[in-house]
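In what follows, a single structure is set out as structure tokens and then discussed.
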Amino acid sequence: MGDMMATHQHDRTALVLYGSETGNAQDLAGELGRITERLHFTARVLELDSVDPGDLPIYSVTLVALSTTGQGDLPTNARSFWKRLLRKRLPPNYLQRVKFTTFGLGDSSYPRFNWAARKLHKRLTQLGAQEIYPRGEADEQHPDGVDGCFLPWSIDLRRLLLEIYPLPEHVSPIPEDTLLQPEWVLDFAEPKEKSPSSIESAATPQGLASVYAFSPLLEGNREPPLKLPPNDLLPINGSEILTLVQNTRVTPPTHWQDVRHLTFTTQSHVRYAPGDVLTIFPKNFPDEVDQLIALMDWAHIADKPIKFVPRSASAHNQTYPPPPISHLLSYPRLTLRSLLIHYLDITSIPRRSFFSLIAHFTNNTMHRERLLEFTDPKYIDELYDYTTRPRRSILEVLQEFESVKIPWQWAATVVPALKGRQFSIASGGVLKLPLAGDKTTSGSRIELLVAIVKYRTVIKKIRQGVCTRYIASLPAGADLAVVVQKGSLNMTSSELSSPAVMIGPGTGVAPLRALIWERLAARDEMLAKFRAAPNDPRTAVGERERYPLEVMGQNLLFFGCRNRDADYFFQGEWNDLTHKGHLEVFVAFSRDQRHKRYVQDLIREQSSLIYELLYKLPGIVYVCGSSGKMPQAVREAIIEVFQAEGTMSRERAEAYLTKMEREGRYKQET
């Protein structure tokens, strides 16, 4: 097979590109890479930003998996590629020798569903690229998830690739039961014959003292004390070091959900705006890591230094994909144990590709057959019922299929990378300033409102979110390496003077709190200019400074929760701002009365006011919170407001809302 690959490499190459925030598009790109490799393409799987558009014609075929974020935006690791595609000097035949197709991942609860993939597909076509297969689109709201759309699309794509790029008569596609070798594997960082005594001593009781510290947050609980992850800072590119000052539960102990208000401080000034997010990189807990190490028989090598080594000698080539977790190259002393604690998502829900891989690592015929069934498109419902519905984790799957023994060299190939989790920043305006008594005057404050994910599944097992479990365990004084990223609300300074209709049930109120305080700070700044130069034509409002709501535009907050006494977040704050005339708050408590009330009901009740702000004035709508039914229900309620108050037809009301979206006056972050 190697000779055949060498013979046809020059005219049988596939470039698989991805733009991904959470790893879904990256996982699909990996599947597309394996599909093409089994068809004897020399395949390269890379993120979009690592490639120059001018290099696309080098490859026989280009396949792109791309998710959509925010207001129809491309993921962070695809934006540089997109900017290069938008250069005005590019001729219309720039990509005429490129054959391509794209697959988009989106959420139909967003107005701009799969917008990123559609934009990219259209731009590639504008530059002369030839679509060889129709664009595919996945919807997270699909009953079968992403696979419900991707599987039939990829099966047909494989068939088409064989038609366009037929194999010689004596060559067949690589069978599914043949294990493809990864681009990178793990190996010992030191000569194998070296005595491990010094290595092992560094990792036994004294070396792991910080790992086995007990969590003070669990005092009073019936649960046994947890062994906490080590508190060492991770080498994250572009990260800021934050110190946790406050980790307070804001819901009563009797409430079903634990919600935390967290306050961090920084030594240096950190710039951020409403809608921006804080990415926290979680760590796995030592007890689960120990279980996996014991299950896989890795104990004898778990604490020896390791490194990534490439499969090919051409790894120095810029088109060669980086290791699965590229920033590990700067980790001071990587071991299998530290890899599992810091970088591999052992408690995530396994994807179909996981079952395909681990089926190669068992000698149990019954286990192997069952694992392969989960990869069969005919049994997509069974895969969903086994994994997604009960939220079964990778660790639990391996515990149930105990005959599977993954070679430790393959750990980072089989187990997906532990991704950072994004949380909307809940502070703005004066809340960005250092806390009173803080010794640093140049630092910043960052606040979050985080719902701790912990629930019982249909199979009666308790599930916890890997990141929020980690957050809940953090004591005051803990340092974290985090990344502050621009959010998808795309705030501009001019928006701060427009009327704002803010809709955010539950913890979705976090970015709206940041927005409210930022608007108040902007108002104070403008009033200061009025007082300094009341007759300046640039501040022509003059004596109207005593009407701050007219000067800056109204602040309307529509908030929803279950109970006034349980999860009415920042109630005291809203009451104070309302008393001062800075804010109007409308609250729906869904469980405090027999008839359930939600934010969309409040919108209909305040239809006259909303119509005034959104149709007669240049008001802006901000919708934040959980995806699913809420965003669509809010959208429907606003359309009904336009119909009722403006005596519009349904078509005209929808057209006006679409116009607001186009103008950046209807923004959703869910």
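The values are calculated or read from the model by the stated rules, or taken from the named source; none is laboratory data. These figures come from a predicted structure and were not determined experimentally. In this analysis, Cβ positions are derived from the backbone assuming ideal geometry, glycine residues included, and neighbour counts consider all displayed protein chains. For accessibility, only protein heavy atoms count, side chains too; no ligands or nucleic acids. Shrake-Rupley method; radii C 1.70, N 1.55, O 1.52, S 1.80 Å.
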Under the Karplus relation with 6.51, -1.76 and 1.60 and θ = phi - 60°, whole-Hz ³J(HN,Hα) for region 513-525, x at Gly and Pro, equal 4, 4, 5, 4, 5, 5, 5, 5, 5, 5, 4, 4, 5
For the pair Leu435/Glu163, report the inter-label distance in nm, with labels modelled 7 Å from Cα in the Cβ direction. 6.5 nm
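Over the chain, give the accessible area per residue in Å² for a 1.4 Å probe, as an integer. Intermediate values should be presented prior to the final figure.
Numbers: 30960 Å² over 670 residues.
Heavy-atom SASA per residue in the chain reads 46 Å².
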Nearest 10, in degrees from 0 to 90: the angle of helix 115-126 to the longest Cα principal axis of the chain is 70 degrees
Proximal lysines to Lys378, defined as alpha-carbon separation beneath 23 angstrom and excluding residues fewer than eight positions away on the same chain: none
Given Val245, Thr362, Thr36, which one lies farthest toward the positive end of the charge dipole of the chain, if we put +1 on the Cβ of every Lys and Arg and -1 on the Cβ of every Asp and Glu? Val245
Kindly sort Met526, Met630, Met366 by accessible area of their heavy atoms, largest first, with the probe set to 1.4 Å. Met366, Met526, Met630
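Of the heavy-atom accessible surface of the chain (probe 1.4 angstrom), what whole percent is carbon and sulfur? All intermediate terms of the calculation are to be shown ahead of the outcome.
Working: 15800 of 30960 Å².
Answer for the chain is 51 percent, counting heavy atoms of protein chains only.
What does the extension gain come out to for Ala633 and Asn563, with contour length at 0.36 nm per residue minus their alpha carbon separation? Working shown, then result.
Working: separation 70, 0.36 × 70 = 25.20 nm, distance 2.05 nm.
Separation in residues times 0.36 nm, less the Cα-Cα distance, equals 23.1 nm.
Taking a temperature of 4 °C and a viscosity of 1.567 mPa s, what whole-number D in µm²/s does Stokes-Einstein yield for region 333-471 with Rh from Kirkwood over alpha carbon pairs? Show your work: numbers first, answer last.
Details: Rh = 18.0 Å.
This corresponds to a translational diffusion coefficient of 72 µm²/s.
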Region 442-482: relative contact order from alpha carbon pairs under 8 Å, six or more residues apart, as a whole percent, is 29 percent
Quick check for you: which residues of region 235-256 have the amide N under 18 Å from the point 7 Å beyond the Cα of Asp479 toward its beta carbon? 235-246
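Once R0 is set to 22 Å, what does the formula 1/(1 + (r/R0)^6) return for the Cβ-Cβ distance between Leu86 and Ser108, expressed as a FRET efficiency to the nearest 0.05?
Efficiency at R0 = 22 Å is approximately 0.25.
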With each pseudo-label sitting 7 Å past Cα toward Cβ, what's the Thr254-Leu233 distance in nm, one decimal? 4.4 nm
Among (1) 1.00; (2) 0.98; (3) 1.06, the entry that matches Rg/Rh (Cα atoms, Kirkwood Rh) as calculated here: (2)
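With a Förster radius of 56 Å, plug the Cβ-Cβ distance of Leu372 and Ile241 into 1/(1 + (r/R0)^6) and report the FRET value to the nearest 0.05.
Details: r = 46 Å, r/R0 = 0.82.
So, using R0 = 56 Å, E works out to roughly 0.75.
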Please work out how much length the chain gains when fully extended from Lys659 to His595, using 0.36 nm per residue of separation minus the C-alpha to C-alpha distance, in nm with one decimal. 19.6 nm
Under a 5 Å amide H to amide H cut-off, with H placed in plane at 1.01 Å, what residues pair with Thr335 once short-range neighbours are removed? Ile306
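In terms of the Cα gyration tensor, with a ≥ b ≥ c the square roots of its eigenvalues, is region 8-125 rounded because a/c is under 1.5, prolate because a/b exceeds b/c, or oblate? Don't skip to the end; give the middle numbers.
Values: a/c = 2.11, a/b = 1.24, b/c = 1.70.
Oblate, since a/c reaches 1.5 and b/c is not below a/b.
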Counting only C-alpha contacts under 8 Å and six or more residues apart, can you give the relative contact order of the chain as a whole percent? 13 percent
Integer Hz, Karplus 6.51/-1.76/1.60 couplings in order for region 649-666, x for Gly and Pro: 6, 4, 4, 5, 5, 5, 5, 5, 5, 4, 5, 4, 4, 5, 8, x, 9, 9
What is the distance, in nm, between label points placed 7 Å from the Cα along the Cα-to-Cβ direction at Glu651 and at Ile155? 4.0 nm
I need the calculated FRET efficiency for the pair Ile459 and Thr365, taking r as the beta carbon distance and R₀ as 25 Å, to the nearest 0.05. 0.45
Positive-pole candidate from Tyr615, Val51, Gly504, dipole of the chain, charges at beta carbon: Tyr615
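Would you work out the Kirkwood radius for region 228-319? I mean one over the mean of 1/r across all pairs of different Cα atoms, in Å. Write out the running numbers ahead of the final one.
Working: mean 1/r = 0.0544 Å⁻¹.
About 18.4 Å for region 228-319.
Going by accessible area, probe 1.4 Å, with all protein chains left in place, what is the ranking of Arg564, Arg456, Arg79, Arg112, largest first? If you can, show how the numbers build up before the last one.
Details: Arg564 115, Arg456 150, Arg79 85, Arg112 65 Å².
Sorted by accessible area, descending: Arg456, Arg564, Arg79, Arg112.
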Would you mind telling me the antiparallel percentage of the DSSP bridges in the chain, rounded to 5? 50 percent
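Could you pull out the pairs from Lys461/Lys629; Lys419/Lys460; Lys119/Lys461; Lys460/Lys667; Lys99/Lys629 whose alpha carbons sit more than 32 Å apart here? Before the final figure, lay out the partial values.
Numbers: Lys461/Lys629 26 Å; Lys419/Lys460 27 Å; Lys119/Lys461 42 Å; Lys460/Lys667 38 Å; Lys99/Lys629 38 Å.
Beyond 32 Å: Lys119/Lys461; Lys460/Lys667; Lys99/Lys629.
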With every protein chain kept in place and a 1.4 Å probe, the residues Ser442, Ser488 fall, from largest accessible area down, as Ser442, Ser488
